[in-house]
Amino acid sequence: MLGLCKLTNNCAISVDLFKFAHNKQFSERTMKKIHLRVLAATLICGLTTVCLSLNSCKEANAQDVPPTPQVQSTELIRTSQSWDGVELPDYLQGRPELVAVKYVFPAGKKLGWHHHPVMNYGILVQGELTIIGLDGKTKVVHEGEPVVEMVNAIHHGENNGDKDVILYMFYLSQKDSLLAVQHPEIPLE
């Protein structure tokens, strides 16, 4: 705005010069030159004032516009081990088949003993899930946390909370491979 004030002062000087020229005795030709110069200066000052005003308005409006949200990426896990610290097996040979499964465990529900012959991992999107290995190792997965499941190790899951558990799991499998093998011969406590 300071620049705008200076330009306004310069425009006022042009008008003063025009008044000064009328009070003096100049030839008609000189008066025309003075008029043209004063007119040009006035137009330049006016246009510059308008441009600066528009620019100031644009800057003010730009500050009022909220920033556009950007895509965010957060790596949740990168590991070569399952949750119990055991190294994952090598990839299967042959054509892969990727499988995504949504599990819903009602509050108080226990899933039977089972093992996974293929690698899998997931995200717990609601609730709290307790995973218990046959060897007694336990892992509690909280809402929003990733989990890498045990491969070829018998375990089961329990929802000990008061709301449903929702778990999305992703399996790195092959066509016609089982995602889990149940062990009904092992009783749940």
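Considering only region 58-66, I want to know if a residue exists there that is at pLDDT below 65 and either of a type in the set (A, V, I, L, M) or part of a loop (DSSP other than H, G, I, E, B) (or both).
yes
Could we say that Thr138 is more than 18 Å from Arg78 (Cα to Cα), free of Cβ contacts under 8 Å to residues at least 12 places away in the same chain and out of contact with any helix residue (DSSP H, G or I) (no Cβ under 9 Å at 6 or more places or on another chain) here?
Numbers: more than 18 Å from Arg78 (Cα to Cα): yes; free of Cβ contacts under 8 Å to residues at least 12 places away in the same chain: yes; out of contact with any helix residue (DSSP H, G or I) (no Cβ under 9 Å at 6 or more places or on another chain): yes.
When the stated conditions are applied, Thr138 passes them.
Looking at region 67-87 only, could you name the residues that are free of Cβ contacts under 8 Å to residues at least 60 places away in the same chain and either acidic (Asp, Glu) or within 26 Å of Thr138 (Cα to Cα) (or both)?
Here is the first cut: in region 67-87, the residues free of Cβ contacts under 8 Å to residues at least 60 places away in the same chain are 67-75, 78, 80, 85, 87.
Within region 67-87, Glu75, Arg78, Ser80, Gly85, Glu87 meet the criteria.
Can you find a residue that is surrounded by 10 or more Cβ atoms within 10 Å (Cβ to Cβ), under 30 Å from Glu185 (Cβ atoms) and outside the structural domain of Asn160 (by TED's automatic domain parsing) anywhere in region 67-80?
No, region 67-80 has no match at all.
May I ask you to say which residue of Val165, Val148 is within 26 Å of Arg95 (Cβ to Cβ) and either touching a Lys or Arg at 6+ places or on another chain (Cβ under 6 Å) or touching a residue at least 60 places away in the same chain (Cβ under 8 Å) (or both)?
Criteria check complete, one pass: Val148.
What's the number of the only condition in (1) at pLDDT 95 or above; (2) on the phi > 0 side of the Ramachandran plot that Glu158 fails to meet?
The one condition Glu158 does not meet is (2).
Here are the criteria: (1) modelled with pLDDT under 95; (2) closer than 17 Å to Gly122 by Cβ. Tell me which single one Val101 does not satisfy.
(1)
Quick one: how many residues across region 88-132 are more than 21 Å from Lys175 (Cβ to Cβ) and without any contact (Cβ under 8 Å) to a residue 12 or more places away in the chain?
0
Go through (1) touching a Leu at 6+ places or on another chain (Cβ under 6 Å); (2) farther than 25 Å from Ser177 by Cβ; (3) among the aliphatic types (A, V, I, L, M) one by one and return the number of the condition Ala107 breaks.
So Ala107 meets the others, but not (1).
The values are calculated or read from the model by the stated rules, or taken from the named source; none is laboratory data. On a predicted model such as this, the values are computed, not experimentally measured, just so you know. For neighbour counting, all protein chains shown are included, and Cβ atoms are generated from backbone atoms with ideal geometry for every residue, glycine included.
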